[in-house]
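Taking it in order: structure first as C-alpha cells, then the write-up.
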Amino acid sequence: MGVVQTKDFDVAAEYAKLANNPACGAVVTFVGKVRDFGDSKNVSAMTLEHYPGMTEAVLEQIEVEARARWPLDDVTIIHRVGDLQLTDQIVFIGVSSAHRKAAFAACEYLIDFLKTRAPFWKKETSNEGTVWVDAKDADQQAAEQWQR
C-alpha cells in the first residue's frame, strides 16, 4: 500500500499493523527525516511536491516488483508532501515477511526505487535562501545494484 499525504504518521501504529500477522517472522522499517543539511548547509525547512496520480502509481508498481522478488506479507509506503520542518518525518517504509533477509532486502529495494522513480521534488530552505534539490548519482547507483 502506497500513500502520499501531508499529515504526519505514527511509526508505532504502522509497525503494529505490519507485525499483526501470525505468519510474520520479521518486520523491517525505514523512516526518512528532514535533516539540517543536504544540497544546502544549515537547512531549516523543506518543501516536497509530487505529481498526483502518477506518484501513487509508481509506489504501487515498486511494491508489485518487490513482491515478485521476495516472499512478503505486508508492505506499507507513506510519503509526506508539503512544508516540513527539521526532524519531521518524511517517509515510512515497512515490510513484513516470514524471513528477515527478504524483509531487509525488500525495504532497501523500495526506498532505492522510491528515490529514483517516484515523481517527488524537494526544495530546501536555508539561511542562504531556497534551492531545488537535484537527483543524486548515489541514489541512482543504489537502484542500479538491484539490476545486477
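Readers should treat all values here as calculations from the given coordinates under stated rules, not as data from a laboratory. Values in this document were obtained by computation on a predicted structure and should not be read as measured data. Glycine also receives a Cβ, built like all others from the backbone with ideal geometry; neighbour counts cover every protein chain displayed.
For Ala135, are the conditions met, namely being more than 12 Å from the chain's Cα centre (by Cα), touching a residue at least 24 places away in the same chain (Cβ under 8 Å) and either outside any strand (DSSP E or B) or under 19 Å from Thr47 (Cα atoms) (or both)?
No, not satisfied.
Do we have any residue at all in segment 38-56 that's within 16 Å of the chain's Cα centre (by Cα), assigned to a helix (DSSP H, G or I), among the acidic types (Asp, Glu) and closer than 22 Å to Ala13 by Cα?
yes
Among the hydroxyl-bearing types (Ser, Thr, Tyr) and over 20 Å from Met54 (Cβ atoms) - does that describe any residue in segment 85-93?
Yes, because at least one residue in segment 85-93 is among the hydroxyl-bearing types (Ser, Thr, Tyr) and over 20 Å from Met54 (Cβ atoms).
Looking only at segment 91-118, which residues are surrounded by fewer than 20 Cβ atoms within 10 Å (Cβ to Cβ), touching a strand residue (DSSP E or B) at 6+ places or on another chain (Cβ under 7 Å) and under 22 Å from Val43 (Cβ atoms)?
Once the filter is applied, which keeps residues that are surrounded by fewer than 20 Cβ atoms within 10 Å (Cβ to Cβ), touching a strand residue (DSSP E or B) at 6+ places or on another chain (Cβ under 7 Å) and under 22 Å from Val43 (Cβ atoms), segment 91-118 yields only Ile111.
Return the residues of segment 38-55 that are more than 16 Å from Asp112 (Cα to Cα) and in contact with a strand residue (DSSP E or B) (Cβ under 6 Å, 6 or more places away or on another chain); say none if nothing qualifies.
Once the filter is applied, which keeps residues that are more than 16 Å from Asp112 (Cα to Cα) and in contact with a strand residue (DSSP E or B) (Cβ under 6 Å, 6 or more places away or on another chain), segment 38-55 yields Gly38, Asp39, Ser40, Asn42, Val43, Ser44, Ala45, Met46, Thr47, Leu48, Glu49, His50.
State whether the residues of segment 70-78 include one that is surrounded by fewer than 17 Cβ atoms within 10 Å (Cβ to Cβ), under 19 Å from Thr6 (Cβ atoms) and not charged (D, E, K, R).
Checking segment 70-78: not a single residue is surrounded by fewer than 17 Cβ atoms within 10 Å (Cβ to Cβ), under 19 Å from Thr6 (Cβ atoms) and not charged (D, E, K, R).
Give the residue that is farthest from Arg80 (Cα to Cα), with candidates limited to residues of segment 101-132 that are part of a helix (DSSP H, G or I) and of a type in the set (Asp, Glu).
Glu108
Among the listed residues Phe92, Phe30, which satisfies the condition of being closer than 20 Å to Gln141 by Cβ, assigned to a strand (DSSP E or B) and of a type in the set (Phe, Trp, Tyr)?
Phe30
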